[in-house]
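Have a look at the structure below, then the notes.
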Amino acid sequence: MPEDWTERYRPASLSEVVGNDRAIGTMRRWAESWKKGAPKKKALVLKGEPGTGKTSAALALANDFGWDVIEMNASDHRNADSIRRVAGLGAVSETFSNAGEFLSTSEGKRKLIVLDEADNLFGREDHGGAKAISQTIKETNQPVILIVNDYYALTRKASAIKTLAVGVKFARHRDGTVLEVLRGICEAEGLTVDAGLLAAIVKNASGDLRGAINDLQMLVEGRKTVDVEGGDALGKRNQGVELDAALEAMYGARTAREARDATNSLDKTPDELIMWIEESIPSEFSNRADRAAAFDALSRSDVYLRRTRRLQHYGLWAYAKEMMTSGVALARSGPRRRSPPRYGFPSYLIMMSRSKSVRSSRAALCRKLSPVLHSSSREIAVSVLPYLSAMARNDSELLAHLGAEAEFDEGDVAYLLGTDPASDAVADTMDVIRRIRSGEIRREAAAEAGSDARRGTRLSDF
Ligand SMILES: Nc1ncnc2c1ncn2[C@@H]1O[C@H](COP(=O)(O)OP(=O)(O)O)[C@@H](O)[C@H]1O
Ligand SMILES: [Mg+2]
């Protein structure tokens with residue numbers, strides 16, 4: 001698998017972290033203050049939404065100051081003991097680097113303890129973990145950075161943290177900043193990417209830089225593959241440009257026929273075209289009544305599309321096409337704005353591309369369950385999976401036996417549990433599944449060991 005661009009372009013130094021200048025300034029001053037020994041506040045709490053650069057900033061800071069990092073995040077063990085163990089490693093004043101080299105605190109060498117996703121660290125029940133964190137901050141001679149999405153979830157569990165740590169707020173990125181970063185990546189990758197597509201990715205990410213970079217990689221890498229394999233590479237690459245021109249002609253049309261014919265040269269079915277037109281309406285129509293009329297025409301067109309699909313009667317496509325082109329274009333009552341807007345990439349396609357891996361793992365899971373549950377994949381996806389997932393979370397035995405029978409892998413278990421495939425819960429379940437499959441755990445024995453209540457775990461009860 002190709003490297004994630006979010007990793008490839010992770011800033012190595014605080015000076016490369018974009019935006020949030022005040023937050024970065026606070027972090028830098030705090031790190032400077034450690035040069036004179038442990039300051040009064042030995043911890044920072046970085047708070048803010050995902051993709052704003054909290055983790056990157058913490059790691060960049062350690063890099064800039066030559067500190068070693070001890071990192072712990074939500075997928076590691078979640079109890080007080082393991083927190084103490086990890087934090088304890090850094091909690092002594094003189095210590096060793098990861099490479100075993102002696103670190104003299106008087107020379108300013110430090111171990112930075114980073115507790116990432118600290119608000120998720122303990123799940124719903126917190127077995128003293130939050131207390132262990134505040135205790136560690138009190139006792140340590142080493143710098144600590146806590147990272148949270150939800151500051152209140154953390155301080156509810158350990159209110160002492162509020163007084164022990166300096167809060168540093170990371171705001172969402174502005175669209176301009178996100179666009180700048182995406183442009184930089186395109187340049188570094190040697191790619192020319194359509195401006196409309198970039199703008200749509202930026203808009204869709206609403207300040208989440210990680211999301212934006214992921215979308216860019218997914219969309220653009222997909223097209224690159226098309227470039228290599230497909231003969232119509234140029235068509236694909238230029239599709240944004242061609243679409244812009246066609247939509248521009250459609251909206252500039254003076255007659256219904258002109259509007260309809262403007263999109264004829266595009267290699268798009270009405271099903272695809274309607275998504276681009278839908279995306280263009282808000283930026284094309286500033287007058288509210290016109291906008292409503294345009295969407296009304298679009299919805300009529302959608303009715304025809306649906307009938308086409310249901311009746312398999314492609315003659316109806318002509319009506320759909322007419323409504324979505326001339327119907328939409330002529331919804332305007334006044335004159336058109338002079339400078340035409342840029343049209344965006346359909347957010348529906350971006351969303352589908354973003355959720356692609358989730359959807360494909362769900363499909364694979366349904367196929368495995370189909371022979372076991374004597375039901376079609378589709379039926380399972382719609383009416384079994386949600387319940388099965390809830391049951392699996394509450395009954396590990398059920399999950400393991402089902403998994404043994406349907407030959408689950410980590411991805412399947414993770415999907416049902418709604419967790420990371422690398423989590424402990426998944427590893428534990430896989431272990432039981434393997435033992436059931438090897439015969440080490442007998443199904444009957446397991447069923448009998450439980451009382452009548454356990455009978456619910458048998459597959460035949462489905
Ligand atoms: N402020 C930033 N400056 C540069 N890159 C950033 C910034 N914020 C996020 N990124 C990019 O997004 C990715 C995810 O950011 P991350 O630091 O993990 O965010 P968070 O921890 O706030 O969820 C990084 O690997 C980097 O590529
Ligand atoms: Mg993070």
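The values are calculated or read from the model by the stated rules, or taken from the named source; none is laboratory data. What you see is a predicted model; the values in this text were computed from it and never measured. Reconstructed Cβ throughout: ideal geometry from the backbone, glycine too, with neighbour counts over all protein chains shown. Remember, those area values only see protein heavy atoms, side chains included, never the ligands or the DNA or RNA. Shrake-Rupley method; radii C 1.70, N 1.55, O 1.52, S 1.80 Å.
Does Ala74 satisfy the condition of being within 14 Å of ligand 1 (Cβ to nearest atom), assigned by TED's automatic domain parsing to the domain that holds Leu154, at pLDDT 90 or above and in contact with a helix residue (DSSP H, G or I) (Cβ under 9 Å, 6 or more places away or on another chain)? So Ala74 does not fit the description; no.
Thr308 is checked against (1) open to solvent by 60 Å² or more (accessible area, probe 1.4 Å); (2) under 22 Å from Asp267 (Cβ atoms); (3) hydroxyl-bearing (Ser, Thr, Tyr); (4) within 37 Å of the chain's Cα centre (by Cα) and fails just one. What number does that condition carry? Failing condition for Thr308: (1).
From the list Leu198, Leu179, Leu216, the lone residue that is closer than 21 Å to Asp21 by Cβ, in a helix (DSSP H, G or I) and in contact (Cβ under 8 Å) with a residue 12 or more places away in the chain is Leu179. For Gly53, the criteria (1) within 16 Å of ligand 1 (Cβ to nearest atom); (2) open to solvent by 40 Å² or more (accessible area, probe 1.4 Å) hold in every case but one, which is (2). Got at least one residue in the stretch 440-460 being modelled with pLDDT of 90 or more, in a helix (DSSP H, G or I) and open to solvent by 30 Å² or more (accessible area, probe 1.4 Å)? No, there is no match, as no residue in the stretch 440-460 is modelled with pLDDT of 90 or more, in a helix (DSSP H, G or I) and open to solvent by 30 Å² or more (accessible area, probe 1.4 Å). Within the stretch 350-384, the set of residues being in a loop (DSSP other than H, G, I, E, B) and more than 23 Å from the chain's Cα centre (by Cα) comprises His374, Ser375, Ser376. Considering Leu59, Leu112, the condition of being at pLDDT 80 or above, under 30 Å from Thr177 (Cβ atoms) and assigned to a helix (DSSP H, G or I) is satisfied by Leu59 alone. Going through the stretch 227-254 one residue at a time, which ones are open to solvent by 40 Å² or more (accessible area, probe 1.4 Å) and modelled with pLDDT under 80? Once the filter is applied, which keeps residues that are open to solvent by 40 Å² or more (accessible area, probe 1.4 Å) and modelled with pLDDT under 80, the stretch 227-254 yields Asp227, Val228, Glu229, Gly231, Asp232, Leu234, Lys236, Arg237, Asn238, Val241, Glu242. Ser361 falls short on exactly one of the conditions (1) under 28 Å from Asp4 (Cβ atoms); (2) open to solvent by less than 40 Å² (accessible area, probe 1.4 Å), and that condition is (2). Just so you know, in the stretch 16-26 the residues that are within 16 Å of ligand 2 (Cβ to nearest atom) and in contact with a strand residue (DSSP E or B) (Cβ under 6 Å, 6 or more places away or on another chain) include one that is most open to solvent (accessible area, probe 1.4 Å), and it is Asn20. Residue check: Asn79 meets all listed conditions (1) modelled with pLDDT of 90 or more; (2) more than 13 Å from ligand 1 (Cβ to nearest atom); (3) open to solvent by 40 Å² or more (accessible area, probe 1.4 Å) but one, namely (1). Taken over the stretch 328-343, the criterion of being at pLDDT 70 or above and part of a loop (DSSP other than H, G, I, E, B) is satisfied by Leu330, Ala331, Arg332, Ser333, Gly334, Pro335, Arg336, Arg337, Tyr343. Has the stretch 320-334 got at least one residue that is of a type in the set (Val, Ile, Thr) and open to solvent by 40 Å² or more (accessible area, probe 1.4 Å)? Scanning the stretch 320-334, I find no residue that is of a type in the set (Val, Ile, Thr) and open to solvent by 40 Å² or more (accessible area, probe 1.4 Å), so the answer is no.
Here Lys131 does not qualify as open to solvent by 30 Å² or more (accessible area, probe 1.4 Å) and over 20 Å from Leu112 (Cα atoms). Scanning the stretch 134-164 for residues that are touching a residue at least 12 places away in the same chain (Cβ under 8 Å) and among the hydroxyl-bearing types (Ser, Thr, Tyr), we see that the one that is surrounded by the most Cβ atoms within 10 Å (Cβ to Cβ) is Thr136.
The sole residue among Tyr415, Tyr387 that is among the aromatic types (Phe, Trp, Tyr), in contact (Cβ under 8 Å) with a residue 24 or more places away in the chain and either open to solvent by 30 Å² or more (accessible area, probe 1.4 Å) or part of a helix (DSSP H, G or I) (or both) is Tyr415.
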